[in-house]
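Chemist: For reference, the structure I am asking about is given below.
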Amino acid sequence: MNEPGAIRLTINGRAVDISVSPNETLLEILRYRLGLAGTKMGCDTGECGACTVLLEGKAVNACLVLGVEVNGASVTTIEGLSSAGHLHPLQQAFIDHGAVQCGFCTPGMIMSAKSLLDESPNPTEEDTRLALAGNLCRCTGYVSIMKAVAAAGKVIRGGK
Amino acid sequence: MALDYKIIGKPIPRLDGRSKVMGEARYGDDLSLPGMLYVKVVRSPHPNARIRSINTSRARGYPGVASVLTAHDIPGKNLMGPIIKDQPVLCGEVVRYVGDAVALVGAETEQAAEEALELIKVDYEILAPVLDPLKAMEPGAPGIHSGGNIGTHFKVRRGDVEAALRETAVVVENRFFYPRVEHAYMEPEVAVVAPEPGGGFTVWSSTQYPHLDREEVSRALGLPQSRVRVQQMMTGGGFGGKLNPHAQCCAALISWKTGRPAKIRYTREESLIASYKHHPYVIDMKLGANRQGKLLAVEATLVGNTGAYLMQGRAVITKSVTHVSGPYYIPNIKADAYAVYTNCVPCGAMRGYGVPQVTFALESLIDELAGRLSLDPVELRISNALDTTLPNATGQVIQASIPIKEMLGRAKLKVQSFKSLLQEAPPKGKLRGVGVGCSTRGIGSIRKASRSTAVVSLHADGSATVACGHVDLGQGSNTMMAQVAAEELGVDVDRIEVVTNDTAIAPDCESTSASRVTYVSGNAVRLAAAKTRQRVLEIAGQDLGCAPEDLRLMNGSVVYREQGVSLAELFSKHTFHNMTSVAEFLPDTVPLDPETGQGRPAGTFNFNVHVALVEVDEGTGQVRILRYVALTDVGRMINPLAVEGQVYGGMMMGLGSALMEEVNVENGVTNTSFATYLIPTTFDVPQELLIDVIEDPEPTGPFGAKGFSEGTLDPVGGTIANAVSNAIGIRVTRLPMTSERIHELLLQRSISSPSKRG
């Protein structure tokens, strides 16, 4: 059977030591081993983006990352975005702009948007479409999501 | 007259928004119970076969396997289905489509369950499948079920179509194809079932109708419904696709057999292959008009491929045929619709429910007619549009809130502005065109009237609990109910608790579907809240010596002129601990006559007019939407954020069917991932997508609101097809308009004369 390997991950700023099987994905580790259920499994094959997390600050599909290949890495999940109950501007903007409906794509969508804004604080609409093109949403039609990202960007840059 | 409400019409952020953006909302797969088993399903790889034997012995002995079940293990009934019970929970004798369920495994881990699946040997006698619905309708075709392959036939008859067509100046006709569509909710099917002390079960599921889960699970287990409690988990999208609780029954059977909790979670591939879809249609339609463009007759045959099991097929084809004349008055109608069994994946409810399909055909022919008569396509629609004097396809004269002519008038301006953009020469190698499409939809179920029941409980501190059985799938209905109750009870929305997700608490309002939740349940909630308020004011009135009409309920107090009496005081003075009332709402309807299709099936109708400006690449056939306007009739907006969300979302879902989505069946479904079943992404959103909301209040709706969430999708296929046909000069008759198909039409155009119809 699968032999476990010991890895260390820093999840949302906290170090975690865990034994994982070679075929365990980062998504499975987050959801089923570490109780971080905010990251969702929509397809488990890297096509929907619902499992997007930040790995070393970059957006990845956690279902395509094996735990054993990211020993020592830092990971940010949706649970790590707010601090002491204060929402990140992206989270607030998603609420304010009606960019959340069923909410299943939302954590992954927000993490992709965070990755975009971290890199490009003032993205064009094209930049935003490109950054979010790997996050499928069936409810919202994306318009409110893109408005929310633009609004959050403005807040982060110091606007109102 | 615009009334100023405190809460109705305000863009209140949805009540569960915070939990969703924080990743705290709990969906079915986020639930884990101690001792929980994982359930996997053995599914048929053949579209049509007899089961000779099933060998489960090796699977039973596999490490980690707790239970293996087949048809003969089912304690209750082994047939399920939302309209007729024609689907085995587990097939014992025959399998009818690739994906049909044959056996279940419950194991300690998902991996063990998957591995044990491989060890179950089913010996099939493979039979020739019937996949084409037109062939399945032929006499002598192999029967999918006893009783023949026509699962349902429904018809509309009015006037004399044959005579009318002889006298019309122009007749246009064509055959149209609308694709089989996958719901593609982001959350795949999931259910957890656990036994309760005392012999009952609790089901936690991703569902649009917890009471149906309760009905089917209790049937399969041979228990009364009162022994099964269903709690809807946060549900990641439904769109009509979570109305057949097969997964719930599978988990329940394993839980029943083992006495342990059991979770079933479909993989995306499993969901794409096995779950039911939106009916593909073949439509033959003929439309006749006089020289002035007055529509005189429509004749149509609509064939929906319902696949191996009927699901909601009976209602879907009834809905489509009763909308055969769309938002127009057509005096003579002869239309027949069929839900036909085949060995394809079953088809059932999906947003639109037969109306997108018939709308595509009708709107295309209207444009054809406009072309043949050299009439403006929008003017032609205006001159035939329904009003409060004209009967629709079922003979219903809608009494109020028919803003279609005003909407078409606005659309005409949009068309003109888009056409002026066409004057600018398009980039080399691109063709541009403008198209219009419109639709109407009766709100509520087509086959029987929809009754909702709501309970409103007012607490001593002025806060309240609303219990009502229509569930929130993301469309925002819980927030709508809170807004309605808050407005009636004079409190802020955050003082309202809404419970819809528990069969033990919320009354059955039938499924969350048919665009009816705001209209039917919104009304029930409003009536229950008003009743509650009235009872409080009557008691207070007696105490204060005045009429209840002189009193107001505000923030937990009864207010009389400058004085206030708190509810706490009022309750403690009398025998109340809270004030609880129940109310029902039943739309005013008349059932359809089975011979003529005439009746009054809906209490209100929603109208939609869409306009598109498209660009087609001459080399590749790829279609891009440059500008799109969705004019949407909502009666009254309860929540503008939610309204926008439904319009954008419905439009983009419709865009998918129009341009890229088609579930392909060769034996079984061949698009088994999102890499081969493409749905719209951010790249597909039109450069400009605008909404124009029309508020022409529906007198029988809560605060004037009606339903509209399917209406946002209904005309999209027809609108984009009309725009593309305008751009390329050939009539599009098949959706989706993939680049390959448009490229093919463009090749034909360059070979043949420009006036040839494709």
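The values are calculated or read from the model by the stated rules, or taken from the named source; none is laboratory data. Model, not experiment: these values are computed from the prediction. Neighbour counts run over all protein chains shown; Cβ positions are idealised from the backbone, glycine included. For the accessible areas, the whole protein counts, side chains as well, though only heavy atoms, and no ligand, DNA or RNA atoms are used. Shrake-Rupley method; radii C 1.70, N 1.55, O 1.52, S 1.80 Å.
Chemist: Among the numbered conditions (1) out of contact with any strand residue (DSSP E or B) (no Cβ under 8 Å at 6 or more places or on another chain); (2) within 7 Å of chain B (Cβ to nearest Cβ), tell me where A:Gly103 comes up short.
Modeler: (1)
Chemist: Go through region B:363-384 and count every residue that is among the charged types (D, E, K, R), in contact with a helix residue (DSSP H, G or I) (Cβ under 9 Å, 6 or more places away or on another chain), in a helix (DSSP H, G or I) and open to solvent by 40 Å² or more (accessible area, probe 1.4 Å).
Modeler: 1
Chemist: Here is a list: B:Val41, B:Val68. Which entry is in a strand (DSSP E or B), in contact (Cβ under 8 Å) with a residue 60 or more places away in the chain and either surrounded by fewer than 16 Cβ atoms within 10 Å (Cβ to Cβ) or away from chain A (no Cβ under 14 Å) (or both)?
Modeler: After ruling out the rest, the residue left standing is B:Val41.
Chemist: Further question: Identify the residue in region B:138-168 that is open to solvent by less than 50 Å² (accessible area, probe 1.4 Å) and in a loop (DSSP other than H, G, I, E, B) and, among all such residues, is nearest to B:Gly288 (Cα to Cα).
Modeler: Here the residue is B:Thr168.
Chemist: Of everything in region B:282-295, what is buried (at least 22 other Cβ atoms within 10 Å of the Cβ) and either of a type in the set (Val, Ile, Thr) or touching a Pro at 6+ places or on another chain (Cβ under 9 Å) (or both)? Give them in sequence order.
Modeler: Listed by number, the residues that qualify are B:Ile283, B:Leu295.
Chemist: All but one of (1) open to solvent by 50 Å² or more (accessible area, probe 1.4 Å); (2) in a loop (DSSP other than H, G, I, E, B); (3) farther than 30 Å from B:Cys249 by Cβ hold for B:Ser32; which doesn't?
Modeler: (3)
Chemist: Could you check how many residues of region B:188-203 are over 14 Å from B:Pro224 (Cα atoms) and part of a strand (DSSP E or B)?
Modeler: Here the count works out to 7.
Chemist: Name the single residue, out of those in region B:616-661 being charged (D, E, K, R) and in contact with an Asp or Glu (Cβ under 9 Å, 6 or more places away or on another chain), that is most open to solvent (accessible area, probe 1.4 Å). It would help to see each step written out before you state the result.
Modeler: If we filter region B:616-661 for residues that are charged (D, E, K, R), which is where we start, we get B:617-618, B:624, B:627, B:633, B:636, B:644, B:661.
Keeping just the survivors that are in contact with an Asp or Glu (Cβ under 9 Å, 6 or more places away or on another chain) gives B:624, B:627, B:633, B:636, B:661.
Details: B:Arg624: 106, B:Arg627: 65, B:Asp633: 0, B:Arg636: 37, B:Glu661: 0 Å².
Among those residues, the one meeting the criterion is B:Arg624.
Chemist: Which of the residues spanning region B:694-709 are within 21 Å of the chain's Cα centre (by Cα) and either within 14 Å of another protein chain (Cβ to nearest Cβ) or in a strand (DSSP E or B) (or both)?
Modeler: B:Ser709
Chemist: Of (1) touching a strand residue (DSSP E or B) at 6+ places or on another chain (Cβ under 6 Å); (2) within 11 Å of another protein chain (Cβ to nearest Cβ), B:Leu15 satisfies all except one. Which?
Modeler: (1)
Chemist: Something else now. Which residues, taken from region B:206-238, are open to solvent by less than 30 Å² (accessible area, probe 1.4 Å) and either basic (Lys, Arg) or touching a Pro at 6+ places or on another chain (Cβ under 7 Å) (or both)?
Modeler: Matches in region B:206-238: B:Thr207, B:Leu212, B:Asp213, B:Glu216, B:Val217, B:Ser218, B:Leu221, B:Val230, B:Gln232.
Chemist: Let me ask something additional. Among the residues of region B:650-677, which ones are at the interface with another protein chain (Cβ under 10 Å from one of its Cβ atoms) and either touching a His at 6+ places or on another chain (Cβ under 6 Å) or among the hydrophobic types (A, V, I, L, M, F, W, C) (or both)?
Modeler: B:Met651, B:Met652, B:Met653, B:Leu655, B:Phe674, B:Ala675, listed by residue number.
Chemist: Another question, then. Is there a residue being at pLDDT below 95 and more than 10 Å from every other protein chain (Cβ to nearest Cβ) anywhere in region A:130-152?
Modeler: No, region A:130-152 contains no residue that is at pLDDT below 95 and more than 10 Å from every other protein chain (Cβ to nearest Cβ).
Chemist: Okay, next question. When region A:1-25 is examined, which residues are found to be of a type outside the set (Asp, Glu), within 30 Å of A:Cys102 (Cα to Cα) and out of contact with any Ser or Thr (no Cβ under 9 Å at 6 or more places or on another chain)?
Modeler: A:Arg14, A:Thr25
Chemist: So, one more: Do we have B:Thr589 as open to solvent by less than 10 Å² (accessible area, probe 1.4 Å) and among the hydroxyl-bearing types (Ser, Thr, Tyr) here? Don't jump to the end; show me each part of the working.
Modeler: On the way: open to solvent by less than 10 Å² (accessible area, probe 1.4 Å): no; among the hydroxyl-bearing types (Ser, Thr, Tyr): yes.
Taking the combined requirement at face value, the residue does not satisfy it.
Chemist: Out of the residues in region A:83-100 that are at pLDDT 95 or above and part of a loop (DSSP other than H, G, I, E, B), state the one that is nearest to the other protein chains (Cβ to nearest Cβ).
Modeler: A:Gly98
Chemist: If you scan region B:682-693, which residues turn out to be within 13 Å of chain A (Cβ to nearest Cβ) and surrounded by fewer than 19 Cβ atoms within 10 Å (Cβ to Cβ)?
Modeler: The answer is B:Phe683, B:Gln687, B:Glu688, B:Leu690, B:Ile691.
Chemist: Please list, ordered by first then second residue, the pairs with beta carbon atoms under 6 Å, 6 or more apart or interchain, first in region B:542-564 and among the basic types (Lys, Arg), second surrounded by 16 or more Cβ atoms within 10 Å (Cβ to Cβ) and not in a helix (DSSP H, G or I).
Modeler: B:Arg552/B:Val559
Chemist: Can you confirm whether region B:477-497 contains a residue that is touching an Asp or Glu at 6+ places or on another chain (Cβ under 8 Å) and part of a loop (DSSP other than H, G, I, E, B)?
Modeler: Within region B:477-497 (the criterion being touching an Asp or Glu at 6+ places or on another chain (Cβ under 8 Å) and part of a loop (DSSP other than H, G, I, E, B)), the answer is no, since none of the residues qualifies.
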